[in-house]
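The structure under discussion appears below in the form of structure tokens.
The values are calculated or read from the model by the stated rules, or taken from the named source; none is laboratory data. All of these numbers come straight from a predicted model, not from anything done at the bench. Virtual Cβ from ideal backbone geometry, glycine too; neighbours counted across all protein chains shown. The area values use the complete protein model at the heavy-atom level, side chains included, leaving out ligands, DNA and RNA. Shrake-Rupley method; radii C 1.70, N 1.55, O 1.52, S 1.80 Å.
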Amino acid sequence: MPMRTQVAIIGAGPSGLLLGQLLHKHGIDNIILERHTPEYVLERIRAGVIEQGAVDLLTEAGVGERMHAEGLVHDGTQICVDGVRHRIDFKALTGKSVTVYGQTEITRDLMDARRALGIPSIYEAYDVAPHDFSGQHPRVTYRHDGKEGAIDCDFIAGCDGFHGVCRKSVPPGSIKNYERVYPFGWLGLLSDTPPVSEELIYIRHQLGFALCSMRSTTRSRYYLQCSLAEDIDAWPDERFWEELKLRLDDEARAALVTGPSLEKSIAPLRSFVAEPLRFGRLFLAGDAGHIVPPTGAKGLNLAASDVYYLWQALIEFYKQKSSAGLDHYSARALARIWKAERFSWWMTTLLHTFPDQAFEGKMQAAELDYIFNSRSAATALAENYVGLPF
Ligand code: APR
Ligand code: PHB
């Protein structure tokens, strides 16, 4: 006998877990199917800058307690160009701030809350496949503990990330993908050392972009722009710290505390959007539908706005018997997604070293000078960084 639920959610990343939590709060049944173990999901290290809108949504979902207690509220950020630091004052320019709190911790808080409420999740679900979503009776099949399983549902939420099965399951002619791959990656290092600065520092340097970020007052996250061909084994911690020092300004170089890495990895940079995000009764949300390069930390925040629109649409369907929200989900979500895609592409283009740098380098310098000397230009950056409304 197949199980039955209202919304079958594929993927237990931040998108799937947040959607499940919000639906449960409003009495809508859901089951999550996740390919990996919870421990594996929690091992992935990702950005940690949360917009106020996402903070509010997590709070609404009942998982804000630890984020409010441990998150660091940042009223601005620093941009360092040619060894000189400039501050973008979010609070003065927009009245808003961001919260620095690791995505891993958000995922952990969501998992703990789901477990405490006893909402069903099937981890280590293999060969998950969405079926019949173009009709009225979708079904998800999977394999778990060596047995075949099936879930009949009203809707399928594809929250299974960029490499997930949902986007790949729609007929090729019904989806269009937009993509840009950048000619470099980010080499990231996490360490239990105090951050070099109270605020994040985005660094444009002729050797390549660098970013000084943090997870807490005792844990730092640093990144270096690197070649895509880079071998992680060629980067012992000492080499990473030496290269970072070269890209820092004098004050930061003097303040930098180094230490052993807890994690070190190389990530490629990509912009990607699939259109549309709805296929009958299958909806894509989060990384399943789009990817941003990490410059500006929009990944999790965009997942949150998708989830917000989808959650509202499902409430409308179940409580008001109206399909209007579901019909508008894709267009509403994409309108915000494309603006965040633009901002992430722009921040990436503004701050990285490109192979053919002569003209582009001059454009970057002119644009940065404009931002540092025009309140309007700085406000445009700040307004996007703290997050456009949803
Ligand atoms: N079956 C079941 N689960 C799957 C499958 C599958 N075929 N494919 C992928 N998954 C799971 C992955 O194991 C992962 O746990 O779906 C989950 C997707 O999670 P994320 O990749 O974290 O995507 P999302 O929840 O949309 O989170 C978006 O995370 O990737 C970052 O930058 C991104 O911050 C953004 C946020
Ligand atoms: C991070 O802390 O990992 C981070 C912060 C800001 C970014 C990207 C990543 O723009």
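In the list E34, E51, which residue meets the criterion of being closer than 27 Å to V292 by Cβ and in contact with an Asp or Glu (Cβ under 8 Å, 6 or more places away or on another chain)? Spell out how you get there, then give the answer.
Values: E51 fails: in contact with an Asp or Glu (Cβ under 8 Å, 6 or more places away or on another chain).
After ruling out the rest, the residue left standing is E34.
How many residues are within 14 Å of ligand 1 (Cβ to nearest atom) and not in a helix (DSSP H, G or I) when one looks only at the stretch 110-169?
Step one: list which residues in the stretch 110-169 are within 14 Å of ligand 1 (Cβ to nearest atom), which gives 110-111, 114, 121-131, 140-144, 149, 151, 156-169.
Subsequent filtering for residues that are not in a helix (DSSP H, G or I) retains 121-131, 140-144, 149, 151, 156-166.
The total comes to 29.
Could you list, in sequence order, the residues of the stretch 66-82 that are within 20 Å of A92 (Cβ to Cβ), out of contact with any helix residue (DSSP H, G or I) (no Cβ under 6 Å at 6 or more places or on another chain) and not hydroxyl-bearing (S, T, Y)?
L72, V73, H74, Q78, I79, C80
Does H137 fit the bill of being free of Cβ contacts under 8 Å to residues at least 24 places away in the same chain and surrounded by 12 or more Cβ atoms within 10 Å (Cβ to Cβ)? Before you say what the answer is, go through the steps one by one.
Values: free of Cβ contacts under 8 Å to residues at least 24 places away in the same chain: yes; surrounded by 12 or more Cβ atoms within 10 Å (Cβ to Cβ): no.
It is false that H137 is free of Cβ contacts under 8 Å to residues at least 24 places away in the same chain and surrounded by 12 or more Cβ atoms within 10 Å (Cβ to Cβ).
Do we find that G185 is surrounded by 19 or more Cβ atoms within 10 Å (Cβ to Cβ), within 15 Å of ligand 1 (Cβ to nearest atom), over 27 Å from F317 (Cα atoms) and not aromatic (F, W, Y) in this structure?
Numbers: surrounded by 19 or more Cβ atoms within 10 Å (Cβ to Cβ): yes; within 15 Å of ligand 1 (Cβ to nearest atom): yes; over 27 Å from F317 (Cα atoms): yes; not aromatic (F, W, Y): yes.
So G185 passes the test.
Could you list, in sequence order, all residues of the stretch 214-241 that are more than 12 Å from G188 (Cα to Cα), among the acidic types (D, E) and surrounded by 11 or more Cβ atoms within 10 Å (Cβ to Cβ)?
E230
For the stretch 250-259, which residues satisfy the criterion of being surrounded by 14 or more Cβ atoms within 10 Å (Cβ to Cβ) and not in a helix (DSSP H, G or I)?
Selection gives L256, T258.
Filter the strands (runs of 3 or more DSSP E) completely within the stretch 171-249 down to those with at least 1 residues that are within 14 Å of ligand 2 (Cβ to nearest atom) and more than 18 Å from A267 (Cα to Cα). Can you show your working first?
On the way: elements: 176-191, 201-204, 210-214, 220-226.
Of the strands (runs of 3 or more DSSP E) lying wholly inside the stretch 171-249, those with at least 1 residues that are within 14 Å of ligand 2 (Cβ to nearest atom) and more than 18 Å from A267 (Cα to Cα) span 201-204.
Sort out for me the helices (runs of 4 or more DSSP H) sitting completely within the stretch 286-373 that have 2 or more residues that are open to solvent by less than 10 Å² (accessible area, probe 1.4 Å) and farther than 21 Å from L110 by Cβ. Full working, then the answer.
Numbers: elements: 299-320, 324-351, 358-373.
Those helices (runs of 4 or more DSSP H) span 324-351, 358-373.
Only one of T59, T104, T94, T77 is closer than 24 Å to L314 by Cβ and hydroxyl-bearing (S, T, Y); which?
Result of the check over T59, T104, T94, T77: T59.
Of the conditions (1) surrounded by fewer than 24 Cβ atoms within 10 Å (Cβ to Cβ); (2) in contact (Cβ under 8 Å) with a residue 40 or more places away in the chain; (3) of a type outside the set (D, E, K, R); (4) within 29 Å of S220 (Cα to Cα), Q6 fails just one. Which one is it?
Condition (4) is where Q6 drops out.
Taking the conditions exactly as written (open to solvent by less than 10 Å² (accessible area, probe 1.4 Å) and under 19 Å from the mean Cα position of the chain (by Cα)), does G76 satisfy them or not?
Numbers: open to solvent by less than 10 Å² (accessible area, probe 1.4 Å): yes; under 19 Å from the mean Cα position of the chain (by Cα): no.
No, not satisfied.
How many residues does the stretch 45-58 hold that are under 12 Å from the mean Cα position of the chain (by Cα) and either among the small types (G, A, S) or over 17 Å from N384 (Cβ atoms) (or both)? Talk me through it step by step, then tell me what you get.
We begin by selecting, within the stretch 45-58, every residue under 12 Å from the mean Cα position of the chain (by Cα); these are 45-51, 54.
Keeping just the survivors that are either among the small types (G, A, S) or over 17 Å from N384 (Cβ atoms) (or both) gives 45-48, 54.
So the count comes out to 5.
Of all the residues that make up the stretch 19-40, how many are open to solvent by 10 Å² or more (accessible area, probe 1.4 Å) and near ligand 1 (Cβ under 9 Å from one of its atoms)?
Counting residues in the stretch 19-40 that are open to solvent by 10 Å² or more (accessible area, probe 1.4 Å) and near ligand 1 (Cβ under 9 Å from one of its atoms) gives 4.
Given the structure, is H163 over 22 Å from the mean Cα position of the chain (by Cα) and open to solvent by 20 Å² or more (accessible area, probe 1.4 Å)?
No, not satisfied.
Only one of L33, L42 is away from ligand 2 (no atom under 16 Å from the Cβ) and at negative phi. Can you tell me which?
Values: L42 fails: away from ligand 2 (no atom under 16 Å from the Cβ).
Matching residue, one of L33, L42: L33.
Name the pairs whose Cβ atoms lie under 7 Å apart, with the first residue in the stretch 95-108 and closer than 19 Å to T218 by Cβ and of a type in the set (A, V, I, L, M, F, W, C), the second more than 13 Å from ligand 1 (Cβ to nearest atom) and in a strand (DSSP E or B), and 6 or more positions between them or separate chains?
V100/L72; V100/H74; V100/M214
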